[in-house]
Amino acid sequence: MKKIPIFVLCMVVFLLLTGCWDRTEIEDQGFVVGSAIDLEEENGNDNSFKIKLTNQIVLPGGLGTPLQGGGREQEAYHNITITGNSIFEIIREMATSANERLFFQHMKVVVVSDKVAREPGLFSKVMDVYIRDHEMRRGMRILIAKEGTEAKEILDVLPPGEKVPALYIDSLLENSYKTASSLEPLQVGQLQERMLTKRSYTIPEIQVGDNQTLKYKNAAVFQAPENRMVASLSGEETRGLAFLTEHDQTSPVMVNVDGEDVVIEVLDINHTYDVLSDDKDNLAFEISLNIEGSIAETFGNSKVLKASFFKKLEKETEKKVKEITEKTIKVVQDDLQVDVIQIGDTLFQRHYDLWQKVKDNWDQGENYFSKADIHVTVDVNISKTGASDNFK
Amino acid sequence: MMYQFKYADDKISDNELMITIPSITIGVGVLSLPSLIAEDTIGSDGWIPIISAGVFFVALAWLIVKVASMYPNQPFISFASVLLSKPIATVLTILLALQGFFITAFVLRIIADLAKEYLFDRTPVEVISLCFLLVVSYAVSGSRVGLFRLNMMFFPIIIFIIVFVGIFSINWYDASNFLPVFQTDFRGYLNASRNSLFSLTGLFVLFFYTSLVRKPDKAPKKAVYGMTMVSIFYIFIYFMCIGVFGYAGTANVNYPIVEIAKEVEIPGGVFERFDSIFFVIWIMAVFNTVTMAFDSSLYALKSVFNLKKIHYILFLTPVLFFVAMIPKDVIDVREFGDFVSLYGLVITTLTAIVLFTIASVKKKVSSEANTSKRRNSKS
């Protein structure tokens, strides 16, 4: 009989002692899925800026399938825009106007306007909170809004069938970069590594296209130590950059053989970097691209399954790729003088002693990079013809 | 009316001793180890300091268990008294007990800080660490053998979770992160080795627990296996972090494995926030560390002053809590950690070497005496 009071005591203790200090109801969570950062105004000479931050918050009620029998279609997201001096300040300020507690663990994209990116030092300053805060995930993608577009506008584009713009951007990045000639999406974690290693880098750009869609193409070039955007590469230049730096790029190359147009699909690219001369004032490099391709489309009527035709096709493709890549190299080396074709990375990884000698004046100061001689050799190997030999 | 369950005996097997080593060493140190090592090394060179520290500790583990198993089933204080005289043995026991006390307090603080940073935004550190401490105190007031069984049970789960994180982060790996190799200077290796040594402390428990082993003749070999497991585990984690973040990234992330766990996603939106599960499992690993450290400290104290175990626990629990709350900020905590590790390293290594030397000299002398006696009796 003595057991009963003890049992009751235990129950009371369980009731009173268990609990959760950090309890938040799911209805009160505002899931932020995207951010856009714009420059509001420049405060003249005291080197401070007003930033405009837009956060996109998902409304879970709007995500589900609409109930049968009508009812008002609920929006699945809303954007909050606030201006302030630092990102963290703005996020806290936002709490005063949002009825939910902002929750960043499901962030997908950060879009930064090119105006912010072009201010020296400002870009790394606004990105800091996205890396430092423990709620942020290193996997979220970072994009630069193309010149003339506000980053905020990007988060408003919603094609039919989609519900939340940030999620649309996320799936756009995931699915399109391999087939189109755009760069691989960049994650915030990778951005931190690139900033830390103090080597120049590129960030993919995004722009508003026709019919309520976005276009994921082109790239912004960032110069290393100041993390400042210096230029924007055009579509064709970005394509050359993709050939030079990415492995699973499947962009199509159109060539002309014996008066017939053939489209080659690139399946796989292997890069080899060789240092031809390591005298630091007359550096010479060779980038060898080993491309595996297949025939995607032919417009002529000759039989494609012939050794001589293959040879010619490979030759032509090599010529074409060489042309594209050399154009890009010319732009980044002569016009921009910023190493975004990863020669610095290669030197660091494989020729560490040489890198120690040149690293402080690599693409700044003396700028050994712009003085270097860079050759490209391309070797194309076409292995597949598709399912059919000749169509006509 | 209350019955206490009694195990058949208070002995453990040599396998349980082997698992004790990963249980006490794998704790909070390994979470920040990759970033501390990457700070001083270039590319993927950090495996060299980890291996050198690992070899040192494998030797140390062998030494400790060897000397303790020369006196099978004798507690530390009795064989240390035989070797060094009773007063010195008492002082050594208290110093080693202090090591267990410090480790408990330090780990308590770290796990509370970490849980606050990643899990409980608004819960005070004091509340988190008090909850953890109460569970630990409850665990050590029961049967000692039960703790070893808990170690055996948790160990595979901890290994599984790390391997799981490693496999599911495979698409974040970048092979070029491992380059360049062998470019670190000597100073860098030295600093990194120091940090690796610091994150491997905890072997002092072997001084006490070896006496619990039923058949200690294989125990030294098992200790070597146990410590080797830890080294391999550390190298695996280090390479995982370098592969994902590169050395510059690893050096600038406070707890790289936690960040990797945050990235793990099972495709199709099945699982997005893996870090919560990872934390649960990791707290199990930390729980093992703390219970081992606290319990060995109690064991040591009990062998010096003959009081009831529960009295020690009632006295030590509040003291532990206050010591854990002394450091004010992150920098203080780090200094506290360095002190705990250095103290443990020095006291453990010195005790092991001194005891081993005296024990082997004594053994030699006595065996020589035996042979000469035999010779004398023959003639």
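The values are calculated or read from the model by the stated rules, or taken from the named source; none is laboratory data. The structure presented is a predicted model; accordingly, all values stated were derived computationally and were not measured. Cβ sites come from the backbone with ideal geometry, for glycine too, and all protein chains shown count toward neighbours. We work out accessible area using only protein heavy atoms, side chains counted, and drop any ligands, DNA or RNA first. Shrake-Rupley method; radii C 1.70, N 1.55, O 1.52, S 1.80 Å.
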**Request:** List every residue pair whose Cβ atoms lie under 9 Å apart, where the two residues are 6 or more positions apart in sequence or sit on different chains, the first residue falls within segment B:57-83 and is polar (S, T, N, Q), and the second residue, located anywhere, is open to solvent by 30 Å² or more (accessible area, probe 1.4 Å) and assigned to a loop (DSSP other than H, G, I, E, B).
**Result:** B:Asn73/B:Lys11; B:Asn73/B:Arg214; B:Ser78/B:Tyr71
**Message:** Tell me whether segment A:259-267 contains one or more residues that are in the same structural domain as A:Ile374 (by TED's automatic domain parsing) and touching an Asp or Glu at 6+ places or on another chain (Cβ under 6 Å).
**Reply:** yes
**Prompt:** Would segment B:106-129 turn up any residue that is surrounded by fewer than 21 Cβ atoms within 10 Å (Cβ to Cβ), hydroxyl-bearing (Ser, Thr, Tyr) and away from every other protein chain (no Cβ under 14 Å)?
**Reply:** no
**Asked** Looking at segment B:15-65, which of its residues are closer than 10 Å to B:Ala192 by Cα, of a type in the set (A, V, I, L, M) and either assigned to a loop (DSSP other than H, G, I, E, B) or more than 14 Å from every other protein chain (Cβ to nearest Cβ) (or both)?
**Response** B:Leu33, B:Leu36, B:Ile37, B:Ile48, B:Ile50, B:Ala53
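With respect to A:Glu42, is the statement that it is acidic (Asp, Glu), at pLDDT below 80 and assigned by TED's automatic domain parsing to the domain that holds A:Val221 true? Steps first, please.
Numbers: acidic (Asp, Glu): yes; at pLDDT below 80: yes; assigned by TED's automatic domain parsing to the domain that holds A:Val221: yes.
When the stated conditions are applied, A:Glu42 passes them.
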**Request:** Give just the number: which of (1) within 13 Å of chain B (Cβ to nearest Cβ); (2) open to solvent by less than 60 Å² (accessible area, probe 1.4 Å) does A:Glu184 not satisfy?
**Result:** (2)
**Item:** Within segment B:40-71, tally of residues that are within 18 Å of B:Tyr234 (Cβ to Cβ) and β-branched (Val, Ile, Thr)
**Value:** 6
**Fill in**
Checked against (1) more than 12 Å from every other protein chain (Cβ to nearest Cβ); (2) part of a helix (DSSP H, G or I); (3) touching a residue at least 60 places away in the same chain (Cβ under 8 Å); (4) not hydroxyl-bearing (Ser, Thr, Tyr), A:Leu143 satisfies every condition except (2)
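So, in segment A:199-240, how many residues would count as being in a helix (DSSP H, G or I), acidic (Asp, Glu) and surrounded by fewer than 21 Cβ atoms within 10 Å (Cβ to Cβ)? Reasoning before the result, please.
Here is the first cut: in segment A:199-240, the residues in a helix (DSSP H, G or I) are A:235-240.
Filter once more, keeping what is acidic (Asp, Glu): A:236-237.
In the following step, the residues that additionally are surrounded by fewer than 21 Cβ atoms within 10 Å (Cβ to Cβ) were identified as A:236.
The total comes to 1.
Tell me the residue from B:Asn151, B:Asn171, B:Asn177 that is within 12 Å of chain A (Cβ to nearest Cβ), buried (at least 19 other Cβ atoms within 10 Å of the Cβ) and of a type outside the set (Asp, Glu), please.
Working: B:Asn151 fails: within 12 Å of chain A (Cβ to nearest Cβ); B:Asn171 fails: buried (at least 19 other Cβ atoms within 10 Å of the Cβ).
Being within 12 Å of chain A (Cβ to nearest Cβ), buried (at least 19 other Cβ atoms within 10 Å of the Cβ) and of a type outside the set (Asp, Glu) holds for just one of B:Asn151, B:Asn171, B:Asn177, which is B:Asn177.
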**Asked** Which one is nearest to A:Lys163 (Cα to Cα) among residues in segment A:1-26 that are surrounded by 10 or more Cβ atoms within 10 Å (Cβ to Cβ) and at pLDDT below 80?
**Response** A:Thr24
**Prompt:** Looking at segment B:165-183, which of its residues are touching a residue at least 24 places away in the same chain (Cβ under 8 Å), part of a helix (DSSP H, G or I) and closer than 21 Å to B:Trp282 by Cβ?
**Reply:** B:Val165, B:Gly166, B:Phe168, B:Trp172
**Asked** For residues in segment B:184-199 being surrounded by 13 or more Cβ atoms within 10 Å (Cβ to Cβ) and outside any helix (DSSP H, G or I), which is nearest to the other protein chains (Cβ to nearest Cβ)?
**Response** B:Thr184
